[in-house]
Amino acid sequence: MNIHVLHCGYIQVSETVPFGNRIDLKNTARQLSAPEKARVLLPVCCYLIEHPKGLILVDTGWCREISPEGVYDAKAVARVLPPHLAALFHPYLPAGQAIDEQLAARGIQPEDFAYVLLTHLDADHVAGLKRVNRAAHILLPEDEYFWSCRTVYKARQPKSLWLDQPIERRYYRGSPLGPMRWAIDLFGDESIQLVNLPGHTDGQAAVLVQDGAGFVLLAADAAFSPRNWQERITPGFGFNRELQLKSLDWIRTMAEKPNCRAVLCSHDPAVPEGMILCE
Ligand SMILES: [Zn+2]
């Protein structure tokens with residue numbers, strides 16, 4: 001299996017988003033009003049997995065409508081995101097980086113995908129979904145879909161980006177994996193497993209990709225960089241700090257295993273575009 005890291009745009013956010021170490025209204029207010037000089041530039045990563053049972057895409061990044069000219073365009077952002085998310089993210093999408101543009105450059109059609117896996121419903125992970133919705137299956141954990149009814153997620157996860165999309169849902173089941181011991185074994189062979197890592201959202205999934213020799217963990221937004229689990233600093237953008245810590249502690253146990261090839265976070269600026277050879 002090969003895993004390709006794709007950058008599907010960027011966010012310009014307060015430094016407290018990756019390393020806030022607490023979640024409260026004061027912190028949130030600071031994130032929404034952060035001046036440019038207090039913001040950091042982070043990628044929005046998606047992953048293209050070449051699996052023996054078909055192509056798999058993990059998350060979909062931003063859509064072209066948010067950044068028509070490939071630069072930060074506040075008016076365009078305001079047409080896609082509600083004001084508070086526009087203020088939080090300051091997103092942009094360089095030319096050629098939208099998921100459909102990157103796939104076209106590789107000669108891949110959306111219908112070539114066996115699965116599009118959504119780690120969670122936050123806007124930066126699903127805005128590109130409508131461009132790849134002809135995949136054979138689009139899969140989201142039922143637990144993430146269900147809890148999108150919470151007020152906090154109504155604010156974070158605009159329904160216009162995903163509610164009318166052909167998303168299939170599966171429940172997590174009992175598993176040795178993750179702090180909740182909940183996972184979805186996609187093919188029943190443990191090669192691709194969605195592992196519940198709550199805290200950022202209730203139902204968020206990390207994607208564990210493994211073969212006989214080792215594994216790669218795609219940690220989604222449970223962490224923003226290895227610093228989070230190495231120093232037990234929770235991201236300042238999330239829902240439940242106690243659960244964030246449980247998820248970070250589990251990631252650390254996985255990262256320290258000898259057969260761990262990599263743990264990748266969706267918004268880690270140290271993860272360049274490129275390819276990881278998994279087998
Ligand atoms: Zn994110």
Only Cα pairs within less than 10 Å get springs; with that Gaussian network setup on the chain, which residue of 163, 42, 85 has the largest fluctuation?
163
Can you pull the three principal axis extents for the Cα set of the chain, in Å, largest first?
48, 41, 34
State the extension gain, in nm to one decimal, for the chain segment bounded by residue 21 and residue 73, taking 0.36 nm per residue of separation less the distance between their alpha-carbons.
15.7 nm
Per-residue ellipticity at 222 nm for the chain, helices alone: DSSP H runs ≥ 4 residues times -39500 (n - 2.57), over residue total, nearest 500 deg cm²/dmol?
-6500 deg cm²/dmol
Convex hull (Cα only) mean projected area of region 147-189, reported in nm² to one decimal
4.4 nm²
Give, as ranges by residue number, the residues of region 84-126 whose backbone N falls under 18 Å from the point 7 Å along Cα→Cβ of residue 169.
116-123, 126
Hey, quick one: spin label on residue 106, modelled 7 Å out along Cα-Cβ, who in region 194-216 has an amide N within reach, i.e. under 19 Å?
207-211, 216
Just give me a number: lysine pairs in region 2-277, eight or more positions apart or cross-chain, with C-alpha atoms less than 27 Å apart.
15
Taking amide H atoms as placed 1.01 Å from N in the peptide plane, list the residues 5 or more away in sequence, or in a different chain, whose amide H sits under 5 Å from that of residue 14.
40
Calculate the spin-label point distance for residue 37 paired with residue 213, positioning each point 7 Å from the Cα along the beta-carbon direction, and give it in nanometres.
5.0 nm
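All of the numbers you see were taken from the coordinates with simple rules; none came from a lab. Just so we're clear, the structure is a prediction, and the values are computed from it rather than from any experiment. Note that we place each Cβ from the backbone using ideal geometry, even for glycine, and neighbour counts take in every protein chain shown.
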